[in-house]
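Have a look at the structure below, then the notes.
Laboratory data are not the source of any read-out in this text; all were calculated from the coordinates shown. Computed from a prediction, not measured in an experiment: that's the story for all the values here. As a convention, Cβ positions derive from the backbone with ideal geometry for all residues, glycine included, and neighbour counts pool all protein chains shown.
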Amino acid sequence: METNKSISLKDIDARVILGSDDIEADISKDLPLRKWIYAWLLDPNIPGNHQKWIEKWIGLLILFNLLVLLFEHVPAVFEPNKKWFHIFDIISVGIFTIEYLLRLYLAPEDEEFKARPNPRLSYIQSPFALIDFLAVAPFYLQAFLPVDLRVLRFLRLLRILKLFRIFIPAYQEFVTLNAGRTMRQRVHALVFDSPYGGKMQVIFDAFIGICVLLSVIAVVMESVQSVNYILNIQFLILDAVVVAIFTVEYCMRIYSCVEEPGFKSAIGGRIKQAQSSSTVIDLLAIVPFFLEVFLHHVLDLRFLRVFRLSRLLKLTRGNDATKILAKVLAREWPVISAAAFIMLLLVVLTASLGYLFEHDAQPDKFENIPTSIYWAVVTLASVGYGDISPVTGPGRAMTVVLAFIGIGIFAIPAALLSSAFSDELVKERDALKRDIYEIMKDGIIDPSEVAFIRAEAKRLHLSVEEVNTLLQMVQQDLDKESQFSQLPIHKIAEKSEFAVEHYKSLLSQIRQLGMLTDLEKFENRAVDAGRLTRQELEIWNSLKS
Amino acid sequence: MNESVERKTTPSMPALTAGDKLFIGLMALVVVAVTGLGVLALRDGYKTEGSKRNAEALAAWMTAANPARFDANYAIAACAGGSVSPSATPVQEAQAPADANESAPSISVNASGAASAPPEAKTWGDCLTYLEQQSPLRELRNPFTGQPPKFEAACSGADYHLAGSLVLEKLVTTPAGSSIPFIASQLMPTDRIGEKLQLRLSVCDKGGYGIKVGEFEF
């Protein structure tokens, strides 16, 4: 759901802010059938209806169709599974046809066509409807005309055009957002997170993510001999295509990084970008391909092929959990390195003692201290494979002691990391709470603030309930502040608007006092007993009436 | 989503700078270079595929020859099976020493362990000579070298010169209870083929690593 309007505090709901699908659509049952169906299935402006869900699954079905089309060209896969391919084709065409007919039927309800003289005819002539028609037409064509299988397969490729339903609006938004900006700025908006990227940047990230996954799946499946035997050429093509895409992406990042804050220098900025961990990962993702082509006589090809799995690391770019983990590691590094140092000492000591006690009894297993290190690590880490074990009394006694120490020492870094990770999340959530507090102070949450809360909630993996709790806490704090008279005077004095309100409130109370009390008695008492100074009396006189 | 392609005038983009043009040129170069390298990789891939087809052709021929070559009037004498009892299976052969053929070329061991002198025991070398000189398989070429494919002892990642070579191994089943089901060893030209053999055929890829093509009886 898109939230394009401001939200008042009275209507505040985390589900609205987060665009959760969990909202119940507010659609009247009394609507005419066609309007009712449109509202439920295709209206993009009604939160909580099924439009988003339908769009998502149609998009996935198009991608599956693309994959199926690719596999149709692999006889070893296609021939034995011809029946399943055909069934999938029928199901896909069935769904696409239903979608087309539904849109045709509901065209008179669509904002774009309803005002036209013949909405359905206008719909049929619209570019997206033509694409939808082309996606299903070849299937029906073959029922009436003898069409060559290869031509039919080519025509089926037209289904990919349905992706334009997602791509074109995103492109239009991108062009609008980047109006008047330079080419480098546009490239930057596409590959880096920025307010100018819009949906196009999300699509770009998703595309790179899909490439990474496909590539990794291919590398994994290449190790299955029976699969690699059949799909060797397809894997090679996929690898070349993916490397081309990743190389272009790498160049785009290096070229446009100077638009990033802190990378402004034309050469220095680019070198700095090239040295950043994410760009080094990008480089590692493409390097094996070039090494394989140029140095396959020198390097071990199997190593290079498995090394391609480093592409998985590319997915960490968009993953906030890894950023938090990196932050935690950097913060806790002194403690972790101290623990690692103690571990190292203990390993060397254990290996040395193991060698000392066991070498004579088992010279083949405890041949020297370096070979004993394997046993020491396995023992201290509580892994205990059992392939090497002490047989002498002192050796066993030492193992008992070291096993106990090992549990503690090896657990320290894990415990440190876990606690630091948790602390970091709490800190981040507190920061978000402070931000929400500031956002809600004016009583209105505007679209940019909604986008900010949504992005932060996504980054911190907050559920709708957690955001709701945060909102309620902030709301309570704000309510408390509105009753500032209950606050201690130093809290009131901290904020000038509170101080002014408090002053007004006090003056009002004095006036009320002047109206309700016996003025003569009050003044006599004040003057006779010398309870008020002359100045205080003057203020009283000016306010009492 | 409102499915309409709105006819908007595209807001103008500032003119391209020299840096932009350089970037576009570089991108074009990168795409061309990666495409070129991809084509090279693909060409090597097709060579590997060609080697696999060679091996498959040999495997098909040997599999097809399997029942027929034990007939008395089998046309290809060089590859004909000897006068071997049908019960002499590879499993039983395993009961003999692994190098029984080399150590005692004139003796074969049958199921009962009784020694008998095969009248016309052919060797793999005889059959190979036929294959290389007279059979339709003589036309096969190693796509990596353009020469007829060689039979090697084993593929090795350390030796890329083996690319496209064939590795034919005989599989000797080990006695029941062994930790490995069979022992594989190269089928040598001196190995006798009078008895049925369980074989494994592999081909070496671009990097010299083996690709198993199949296991069959010959």
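What is the average number of partner chain Cβ atoms found within 10 Å of a Cβ in A:507-520?
Taking all residues of A:507-520 together, the mean is 0.
Check the straight Cα-Cα distances from B:Lys47 and name the lysines below 17 Å, setting aside those fewer than 8 residues away within the same chain.
List returned: B:Lys150, B:Lys206, B:Lys212.
Take peptides B:26-39, A:104-117, A:278-291 and line them up by average Cβ neighbours within 10 Å, highest first, as a rough protection proxy.
A:278-291, A:104-117, B:26-39
For B:37-45, what's the mean count of beta carbons from other chains sitting within 10 Å of each residue's beta carbon?
5
Return the equivalent ellipsoid semi-axes of segment A:31-177 as a descending list in whole Å, where each equals the square root of 5 times an eigenvalue of the C-alpha gyration tensor.
Ellipsoid half-lengths, sorted descending, are 31, 17, 15 Å.
Taking a cut-off of 19 Å between Cα atoms, list the aspartates and glutamates near A:Lys427, but don't count ones fewer than 8 places away on the same chain.
Candidates past the 8-residue exclusion: A:Asp320, A:Glu332, A:Asp435, A:Glu438, A:Glu456, A:Glu465, A:Glu466, A:Asp477.
Among the trypsin sites (Lys or Arg not before Pro) within segment A:256-285, which fall in a DSSP loop and have no more than 13 other Cβ atoms within 10 Å of their own Cβ? Each step should come with its number before you reach the end.
Numbers: sites: A:Lys264, A:Arg270, A:Lys272; in loops: A:Lys264.
Sparse-neighbourhood loop trypsin sites (Lys or Arg not before Pro): A:Lys264.
Which entries in A:Lys495/A:Lys521; A:Lys272/A:Lys323; A:Lys504/A:Lys544 show an alpha-carbon gap greater than 26 Å?
In this structure, A:Lys495/A:Lys521 lie more than 26 Å apart at Cα.
From the square roots a ≥ b ≥ c of the eigenvalues of the alpha-carbon gyration tensor of segment A:34-101, which class results: rounded (a/c under 1.5), prolate (a/b over b/c), or oblate?
prolate
Take B:Met188, A:Met183 and order them by how many other Cβ atoms sit within 10 Å, fewest up front.
In increasing order of surrounding Cβ atoms, one gets B:Met188, A:Met183.
In terms of the ratio Rg/(2.2 N^0.38 Å) built on C-alpha atoms, what value belongs to chain A? Write down the numbers at each step before the final one.
Details: Rg = 35.0 Å, N = 545, 2.2 N^0.38 = 24.1 Å.
For chain A, the normalised Cα radius of gyration comes out at 1.45.
Under the rule of -39500 (n - 2.57) per DSSP H run of 4 or more residues, summed and divided by the residues of the protein assembly as shown, what mean residue ellipticity at 222 nm is obtained, to the nearest 500 deg cm²/dmol?
Values: 28 runs with 460 residues, N = 763.
Result for the protein assembly as shown, helices only: -20000 deg cm²/dmol.
Mind checking A:289-297 for the average number of partner chain beta-carbons within 10 Å of each residue's beta-carbon?
Average per residue, whole number: 4.
For A:Lys314, list the aspartates and glutamates whose Cα falls under 18 Å from its own Cα; do not include residues on the same chain fewer than 8 positions away.
Those aspartates and glutamates meeting the cut-off are A:Asp193, A:Asp205, A:Asp239, A:Glu249, A:Asp282.
Which chymotrypsin sites (Phe, Trp or Tyr not before Pro) from segment A:360-436 combine a DSSP loop assignment with at most 14 other Cβ atoms within 10 Å?
Sites meeting the loop and neighbour criteria: A:Tyr385.
For each of A:Val151, A:Val400, B:Val167, A:Val216, count neighbouring Cβ atoms within 10 Å of the residue's Cβ, then give the residues from fewest to most.
Values: A:Val151 12, A:Val400 9, B:Val167 24, A:Val216 18.
Ascending number of Cβ neighbours within 10 Å: A:Val400, A:Val151, A:Val216, B:Val167.
Could you tell me the relative contact order of segment A:179-318? Use alpha-carbon pairs under 8 Å, at least six residues apart, and round to a whole percent.
26 percent
When the chain is fully extended, how far beyond the present Cα-Cα distance does A:Gln275 get from A:Glu523, taking 0.36 nm per residue of separation?
Extra length available between A:Gln275 and A:Glu523 comes to 81.2 nm.
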